[in-house]
Amino acid sequence: MLTIIFDGIAYGMLLFILAVGLSVTMGLMNFINLAHGAFAMVGGYLTVVLMQHWNVPFLWCLPIAFAGAALLGAVLERTLYRHMYRKPHLDQVLFSIGLAFMAVASMDYFMGSQQQIMQLPDWLRGRTELWAGQAFELGMGHYRLFIIAVCAALTVGLQFILSQTRFGSRLRASVDDARVAAGLGIRVNLVFAATFAVGSGLAGLGGALGAEVLGLDPTFPLKFMVYFLIVVAVGGTSSITGPLWAALLLGIADVAGKYYMPKLGSFIVYSLMIAILIWRPQGLFVRKGGR
């Protein structure tokens, strides 16, 4: 049981890093980007190519995956996304899901449709077993421990940036009233571009971390799009902690459901999501006064 909870936490933390950028763009920028998973796929493929063809160490691949996806996000935000900010949400959905299908087709053309294999370093392949009776048996994979540590550090860093730094205050001001913020000297377009780039970079980092756990092929953005939306819908978009708890809940429920009732697949997760959204349509962790 403890092993299932541990694996569920690691899975949930990974989903959080993959989905937090979508939460930021939806909650702070009021933009629905269903192509968010494409940036994660870019980070994953970039990591695989660097490791397999250039022998770049895994730890070096992580910041490169973040930077590559962030750079791509910044370019697309300046050239494409910025023109959709004031469009109706339906237009944003159709636009972004079209980009997602274009990304899938492009990656299938250039990289092939086969599943990519990523070889982890030896120090991340091991497993530690803790045993104190059958009820307290805990098996911790070293790579999942690494994922939990990295994601926890990123969560603390993101919360600090949004709540304690000048950039965070400028972002909140730009969201509340862009015209007033611009009148105060805040470069609103630059703030939004940086926010979108960071969200895309986090997706790329999540794709790099998740390539070994989730699998990586050109359909990645479509396979996990629903999971990203569940994290955002259940956790709400008014804070970072909401999607974090939602991702942990989703991860544990998904791992436990597939372990105890494998024939039901993801039925438990979707049933849980429907029940929560019927009870709390604005999300489980939305604070009063949240946007």
Against the 2.2 N^0.38 Å rule of thumb, the C-alpha Rg of segment 2-279 sits at a ratio of 1.02
Rounded, prolate or oblate for segment 182-274? Axes are the square roots of the Cα gyration tensor eigenvalues, ordered a ≥ b ≥ c, and the cut-off for rounded is a/c under 1.5.
prolate
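Give, in nm to one decimal, the length gained when the segment between residue 145 and residue 223 is fully stretched (0.36 nm per residue of separation minus the Cα-Cα distance). Let's see the in-between values first.
Working: separation 78, 0.36 × 78 = 28.08 nm, distance 2.46 nm.
Length difference between fully extended and current span is 25.6 nm.
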Show which aspartates and glutamates lie in cross-link reach of residue 258 when reach means a straight Cα distance below 16 angstrom and same-chain residues fewer than eight apart are skipped.
7
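Please order 266, 23, 174 by the number of other Cβ within 10 Å, starting at the fewest.
266, 174, 23
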Mean Cβ neighbour count within 10 Å, used as a protection proxy, ranking 37-47, 158-168 highest first
37-47, 158-168
Find how much the distance from residue 275 to residue 152 grows on full extension, using 0.36 nm per residue of separation minus their present alpha carbon separation; answer in nm with one decimal.
41.5 nm
Principal axis dimensions, segment 17-132 - Cα atoms, whole angstrom, descending:
53, 42, 23
Picking from 20, 83, 96, whose Cα lies most toward the positive end of the charge dipole for the chain (charges on Cβ: Lys, Arg +1; Asp, Glu -1)?
83
Roughly how many debye, to the nearest 20, is the charge dipole of segment 179-291 about its Cα centre, given +1 on each Lys and Arg Cβ, -1 on each Asp and Glu Cβ, and no other charges?
500
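Arranged from highest to lowest average of other beta-carbon atoms within 10 Å per residue, in what order do the peptides 50-56, 187-193, 219-225 appear? Show your work: numbers first, answer last.
Details: 50-56: 13.0, 187-193: 17.1, 219-225: 19.7.
Descending mean neighbour count gives 219-225, 187-193, 50-56.
Listed highest first by mean packing, meaning other Cβ atoms within 10 Å per residue, what order do 106-115, 7-16, 248-257 come in? List each step's numbers first, then the result.
Values: 106-115: 12.4, 7-16: 23.6, 248-257: 20.7.
Order by mean packing, descending: 7-16, 248-257, 106-115.
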Summed over the other residues with a beta carbon less than 11 angstrom from that of residue 181, with K and R at +1 and D and E at -1, the charge totals +2
Looking at 130, 193, 72, which one has the Cα that reaches farthest to the positive end of the dipole of segment 2-279 (charges on Cβ: Lys, Arg +1; Asp, Glu -1)?
193
Expressed in nm to one decimal, what extension gain is obtained for the pair residue 163 and residue 111 from 0.36 nm per residue of sequence separation less their Cα-Cα distance?
14.7 nm
Would you calculate, for the chain, the mean residue ellipticity at 222 nm contributed by helices, counting each DSSP H stretch of 4 or more residues as -39,500 (n - 2.57) and dividing by all residues, to the nearest 500?
-23500 deg cm²/dmol
Which angle from 0 to 90°, rounded to the nearest 10, does the C-alpha axis of helix 142-164 make with the longest principal axis of the chain?
20
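Read-outs: derived from the displayed coordinates by stated rules, not from any lab. Only a predicted model underlies this, so the values are computations on that prediction, with no experimental measurement involved. No Cβ is skipped: glycine too gets one built from the backbone with ideal geometry, and neighbour counts run over all protein chains shown.
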